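Asker: First the structure, then my questions, so here it is.
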Amino acid sequence: MIGAGLPGSAKDWPAGVLDRLRAFRQGDVVARPPLAYLADPRVPVWVASRRLADELRRSGEPLEPEVVYFPMSVAPPYGMVITQTCDIVEEDTETPVWPWVQLVPVYDMDGDLNSGDKRMLRGGQGWRRLLHVPGLLPGFHVADFRISFPVEKGWLAAQTPIDGFGSEESRQRVGERLAYLSGRPAFGGSFVAAVQKPLSDALRALRRDDSSLFAEMHNLVPEVGVRLDSRLSPTTAQVVVVCTAPLGPQLRAWWTAWWDACRDRAAVVGIELQALDFRVLDETYSAAEYRSLTLLPLVAVSAD
């Protein structure tokens with residue numbers, strides 16, 4: 001058990017470690033973090049794993065699972081703390097229970113992204129696996145959420161924290177991104193193919209072909225929800241367009257046209273698509289009704 005290996009109380013921790021941890025917050029950055037992972041060279045996926053497999057074959061050594069350290073050519077210059085701030089400091093307890101914090105790698109992608117990509121990432125949009133870290137300059141630094149790794153708090157306490165975001169509002173994106181990645185609902189393949197993906201594709205096409213109408217959509221429709229009899233094996237589904245104000249005739253016509261085409265696709269895979277439900281976020285839309293929705297993750301569709 002992890003807990004059995006911890007100091008018995010805060011006063012038993014190494015001197016000064018807990019005090020120095022008070023300087024750190026979620027979203028802070030540290031330089032040159034260690035980064036390693038467990039790989040199986042019999043079925044290598046990433047470049048470092050393939051290199052390990054080649055080295056073992058040339059040496060005649062057996063291909064067995066092994067810890068792989070990031071080579072210098074791809075080692076991240078920074079790591080970003082993604083552990084929640086309260087779990088870093090643990091000021092509200094006399095017996096700290098979190099011996100490690102989690103980091104994700106941060107890279108300078110200034111030369112790898114075009115201006116459109118950078119604009120989307122600055123706005124918190126774009127690839128869900130990447131998050132812009134505006135506090136690191138010069139360059140255009142992004143945190144990559146595809147891998148996270150633990151460091152013991154004693155190591156972190158010896159580092160110098162770098163403010164990666166500059167404001168509480170900006171730093172909040174770290175927690176929001178973690179919540180999005182961890183909390184996305186799992187839908188059955190039939191629903192994804194017949195409803196969710198066609199909706200994302202249609203919104204992207206609208207953004208490309210009619211930017212003014214899409215901007216109106218972006219401003220008036222903050223969320224799209226769905227009611228399903230089953231998330232993984234649905235037979236009935238209803239799309240709920242959540243609005244901040246009643247939609248005009250153009251937007252309602254766009255949704256109706258999309259629904260007409262989508263209804264036929266859904267029927268082919270055995271899903272009865274019920275009539276669209278347009279709901280305005282006001283006092284007549286109860287919290288209970290809103291909480292009954294499953295929100296569709298459409299983070300990649302933005303006005304930028």
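Asker: When the accessible area of the stretch 202-248 is split by element with a 1.4 Å probe, what percent falls to carbon and sulfur?
Answerer: Working: 1090 of 2200 Å².
Carbon and sulfur together cover 50 percent of it.
Asker: Roughly how many nanometres apart are two label points built 7 Å out from the Cα toward the Cβ at residue 115 and residue 181?
Answerer: Rounded to a tenth, the inter-label distance reads 3.0 nm.
Asker: Note the direction-averaged projected area, equal to a quarter of the hull surface, for the Cα convex hull of the stretch 236-276, in nm². Walk me through the numbers before you get to the answer.
Answerer: Working: hull surface 11.3 nm².
Projected over every direction and averaged, the Cα hull of the stretch 236-276 covers 2.8 nm².
Asker: Have a look at 192, 174, 29 and tell me which one the Gaussian network model of the chain (Cα, springs below 10 Å) gives the largest fluctuation.
Answerer: Taking springs between Cα atoms under 10 Å, the residue moving most is 192.
Asker: Let me ask something else about it. Can you list the lysines whose alpha carbon is less than 27 Å from that of residue 197, not counting same-chain residues fewer than 8 positions off?
Answerer: Candidates past the 8-residue exclusion: 118.
Asker: With θ set to phi - 60°, apply the Karplus curve 6.51 cos²θ - 1.76 cosθ + 1.60 along the stretch 203-209 and write out the HN-Hα couplings as whole Hz, x wherever there is a Gly or Pro.
Answerer: 5, 5, 5, 5, 4, 6, 8
Asker: Now a separate question. Can you list residues from other chains, or at least 5 along the same chain, whose modelled amide H is less than 5 Å from the amide H of residue 272?
Answerer: Here the answer is 236, 237, since their amide H atoms fall under 5 Å of that of residue 272.
Asker: So what is the relative contact order for the stretch 1-157, in percent, with contacts set as C-alpha pairs under 8 Å and at least six apart? Don't jump to the answer; show the numbers that get you there.
Answerer: Working: 227 pairs, mean separation 39.3, N = 157.
It rounds to 25 percent for the stretch 1-157.
Asker: Given a Förster distance of 25 angstrom, what is the FRET efficiency for residue 287 paired with residue 10, based on the Cβ-Cβ distance and rounded to 0.05? Before the final figure, lay out the partial values.
Answerer: On the way: r = 40 Å, r/R0 = 1.59.
Using R0 = 25 Å, I get an efficiency of 0.05.
Asker: Between residue 168 and residue 231, what FRET efficiency comes out of the Förster formula 1/(1 + (r/R0)^6) with R0 = 41 Å and r the beta carbon distance, rounded to 0.05?
Answerer: On the way: r = 34 Å, r/R0 = 0.83.
According to the calculation, E is roughly 0.75.
Asker: Still on this structure: At 1.4 Å probe radius, can you tell me the per residue accessible area of the stretch 212-297 in Å²?
Answerer: Ligands and nucleic acids excluded, the figure is 53 Å² per residue.
Asker: Give me the net charge for the shell around residue 192: Cβ to Cβ below 13 angstrom, other residues only, Lys and Arg +1, Asp and Glu -1.
Answerer: Details: positive: 184, 197, 231, 265; negative: 201.
Charge balance near residue 192 sits at +3.
Asker: Quick one: if the Förster radius is 35 Å, what FRET efficiency do residue 20 and residue 51 give, using the C-beta to C-beta distance and rounding to 0.05? It would help to have the intermediate numbers written out before the result.
Answerer: Values: r = 37 Å, r/R0 = 1.05.
Between residue 20 and residue 51 the formula returns 0.45.
Asker: Which of 63, 220, 251 moves the most in a Gaussian network model of the chain with Cα springs under 10 Å?
Answerer: Sorting by GNM fluctuation, first place goes to 63.
Asker: Over the chain, what is the percentage of antiparallel beta bridges among all DSSP beta bridges, to the nearest 5?
Answerer: Numbers: 30 of 36 bridges.
If I count the DSSP bridges inside the chain, around 85 percent turn out antiparallel.
Asker: Let me check against my output: what whole-number percent is the relative contact order of the chain, with C-alpha pairs under 8 Å and at least 6 apart? Intermediate results must be reported in sequence, preceding the final value.
Answerer: Working: 443 pairs, mean separation 50.3, N = 304.
Averaging sequence separation for qualifying contacts and normalising by length gives 17 percent for the chain.
Asker: Can you give the calculated 222 nm mean residue ellipticity of the chain, where each DSSP H run of n ≥ 4 adds -39,500 (n - 2.57) and the sum is split over every residue, rounded to the nearest 500 deg cm²/dmol? Walk me through the numbers before you get to the answer.
Answerer: Working: 10 runs with 100 residues, N = 304.
Computed ellipticity for the chain at 222 nm equals -9500 deg cm²/dmol.
Asker: Moving to a separate point now. Just to check I understand the Karplus step: with θ = phi - 60° and J = 6.51 cos²θ - 1.76 cosθ + 1.60, what whole-Hz values come out for the stretch 259-274, glycine and proline as x?
Answerer: Once θ is set to phi - 60°, the couplings for the stretch 259-274 become 4, 4, 5, 6, 4, 5, 4, 5, 4, 4, 9, x, 10, 7, 8, 6 Hz.
Asker: Take the solvent-accessible surface of the protein heavy atoms, probe 1.4 Å, and return the percent of it on the stretch 63-129 that carbon and sulfur atoms account for.
Answerer: Values: 1890 of 3760 Å².
Here carbon and sulfur together make up 50 percent of the probe-accessible area.
Asker: Let me ask something additional. Straight-line reach from residue 11: which lysines fall under 30 Å, measuring Cα to Cα and dropping same-chain residues less than 8 apart?
Answerer: 153
Asker: While we're on this one: Equivalent-ellipsoid semi-axes (√(5λ), Cα gyration tensor) for the stretch 1-58, whole Å, largest first? Kindly include the intermediate steps, with their values, before the conclusion.
Answerer: On the way: eigenvalues 287, 62, 18 Å².
Rounded to whole Å, the semi-axes are 38, 18, 10.
Asker: Kindly write out, for the stretch 78-91 in residue order, the coupling ³J(HN,Hα) from the Karplus curve 6.51 cos²θ - 1.76 cosθ + 1.60 (θ = phi - 60°), rounded to whole Hz, with x marking Gly and Pro.
Answerer: In residue order, the calculated couplings are 9, x, 10, 6, 10, 5, 4, 3, 4, 7, 6, 8, 6, 6 Hz.
Asker: Could you do me a favour and compute the accessible area per residue for the stretch 80-200, 1.4 Å probe, result in Å²?
Answerer: Values: 5880 Å² over 121 residues.
Using a 1.4 Å probe on heavy atoms only, each residue of the stretch 80-200 averages 49 Å².
Asker: Report the local net charge at residue 250: Lys and Arg +1, Asp and Glu -1, summed over other residues whose C-beta lies under 12 Å from its C-beta.
Answerer: Numbers: positive: 252; negative: 210, 216.
Result for the neighbourhood of residue 250: -1.
Asker: Still on this model: Starting from the Cα coordinates of the chain, work out the convex hull volume and express it per residue in Å³. Intermediate results must be reported in sequence, preceding the final value.
Answerer: Working: hull volume 63.5 nm³, N = 304.
It comes to 209 Å³ per residue, whole-number rounded.
Asker: Who wins for biggest fluctuation among 109, 72, 120 in a Gaussian network model of the chain, springs between alpha carbons below 10 Å?
Answerer: Answer for the Gaussian network model of the chain: 72.
The values are calculated or read from the model by the stated rules, or taken from the named source; none is laboratory data. In this text, all values refer to a predicted model and were calculated from it rather than measured experimentally. Virtual Cβ from ideal backbone geometry, glycine too; neighbours counted across all protein chains shown. Please note that ligands, DNA and RNA were not included when accessible areas were found on the heavy atoms of the full protein model with its side chains. Shrake-Rupley method; radii C 1.70, N 1.55, O 1.52, S 1.80 Å.
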